[in-house]
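Report on the following structure.
The values are calculated or read from the model by the stated rules, or taken from the named source; none is laboratory data. Values in this document were obtained by computation on a predicted structure and should not be read as measured data. Cβ sites come from the backbone with ideal geometry, for glycine too, and all protein chains shown count toward neighbours.
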Amino acid sequence: MGIGNPESSDDGLGPEIANVLADIIGKKYSDVVIINCCQSPENFTSLIKREKPSHILIIDSCISGKKPGSILLVKPSRIKNMDVSTHRLPLYLLHDYLKRETGANIILLGIEPQNMTPGTSLSEPARHAVSDVVKFLLDFLKNR
């Protein structure tokens, strides 16, 4: 699940990763579903429940105070205690709902944004992080 606003610079990290992966993964891995949720992940919960996933990876920009472009995994127990989301939907509610409805293992991958200015493109640190995450996930899928 790529989450964020692609029209607000680095807030579009999640959708950008989802778009890149969808072009590649859809053709190679029929058991992997990529969803570009943009700012409304709640609109895709029915689809996710129908898929009956064993794992859900949520990718979003994450304000954690780290260096821009830093990639981190956020434990579910920490989601409520961090300002992990750059949009208004509390990710802990999404996490708790999907966990309850699917029983899936859920991972939140956050990337520290540098710029959130509407109407601007991804910053250089964000572009590097997108590339690193895409490469990692493709390598992971190839070697599973």
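Each row is one residue, and each column tells you yes or no for (1) at pLDDT 95 or above; (2) outside any helix (DSSP H, G or I).
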position	(1), (2)
Asp11	no, no
Gly14	yes, no
Ala18	yes, no
Gly26	no, no
Ser30	no, yes
Glu42	no, no
Ile48	yes, no
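Determine if region 41-56 includes at least one residue that is in contact with a Cys (Cβ under 8 Å, 6 or more places away or on another chain) and surrounded by fewer than 20 Cβ atoms within 10 Å (Cβ to Cβ). Yes - at least one qualifying residue is present in region 41-56. When we screen Arg88, Arg78 for residues that are part of a loop (DSSP other than H, G, I, E, B) and modelled with pLDDT under 85, the only hit is Arg88.
What number of residues in region 102-117 are part of a loop (DSSP other than H, G, I, E, B) and farther than 15 Å from Lys67 by Cα? Break it down into steps so the answer makes sense when it comes.
Just the residues of region 102-117 that are part of a loop (DSSP other than H, G, I, E, B), to begin with: 103-104, 112-117.
Okay, now just the ones that are also farther than 15 Å from Lys67 by Cα, so 103-104, 117.
Result for region 102-117: 3.
Matching residues to (1) touching an Asp or Glu at 6+ places or on another chain (Cβ under 8 Å); (2) surrounded by fewer than 20 Cβ atoms within 10 Å (Cβ to Cβ); (3) at pLDDT below 95:
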| position | (1), (2), (3) |
| --- | --- |
| Lys66 | yes, yes, yes |
| Ile71 | yes, yes, no |
| Val84 | yes, no, yes |
| Leu93 | no, yes, yes |
| Arg100 | no, yes, no |
| Ile107 | no, yes, yes |
| Thr120 | no, yes, yes |
| Val133 | no, no, no |
